[in-house]
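S.K.: Below you will find the structure I want to go over with you.
The values are calculated or read from the model by the stated rules, or taken from the named source; none is laboratory data. Because the structure is predicted, anything quoted here is derived from the model rather than measured. Using ideal geometry, Cβ is built from the backbone for each residue, glycine included, and neighbour counts are taken over all protein chains shown. Ligands, DNA and RNA are excluded from the accessible area calculation, which covers all protein heavy atoms including side chains. Shrake-Rupley method; radii C 1.70, N 1.55, O 1.52, S 1.80 Å.
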Amino acid sequence: MTERKNDINWFPGHMRKALNETGERMKLVDIVYETCDARIPFSSIRAGIRNWTG
């Protein structure tokens, strides 16, 4: 297998850890406010929030 030096890990471990912790803490939250960019409302939505909030 050849090693590709131009690969960029755009989702580093600290981001994964933060998402996992946020998902766990969502169980303790009663209400969630989501702020979206008015210029791009659909593409600025955090996809995982729907899974966390139901």
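S.K.: List pairs: first residue in the stretch 25-46 and farther than 19 Å from Met15 by Cβ, second residue in a helix (DSSP H, G or I) anywhere in the structure, Cβ distance under 6 angstrom, at least six positions apart or on different chains.
M.R.: Pairs found: Val32/Thr53.
S.K.: Then there is this: Count, please, the residues in the stretch 15-24 that happen to be without any contact (Cβ under 8 Å) to a residue 12 or more places away in the chain and of a type outside the set (D, E, K, R).
M.R.: Counting residues in the stretch 15-24 that are without any contact (Cβ under 8 Å) to a residue 12 or more places away in the chain and of a type outside the set (D, E, K, R) gives 3.
S.K.: Limited to the stretch 21-39, what total is found for residues that are open to solvent by less than 70 Å² (accessible area, probe 1.4 Å) and in a loop (DSSP other than H, G, I, E, B)?
M.R.: Number of matching residues: 5.
S.K.: I would also like to ask the following. What's the number of the condition Phe42 fails, among (1) at pLDDT below 80; (2) surrounded by fewer than 10 Cβ atoms within 10 Å (Cβ to Cβ)?
M.R.: With (1) at pLDDT below 80; (2) surrounded by fewer than 10 Cβ atoms within 10 Å (Cβ to Cβ) applied to Phe42, the lone miss is (1).
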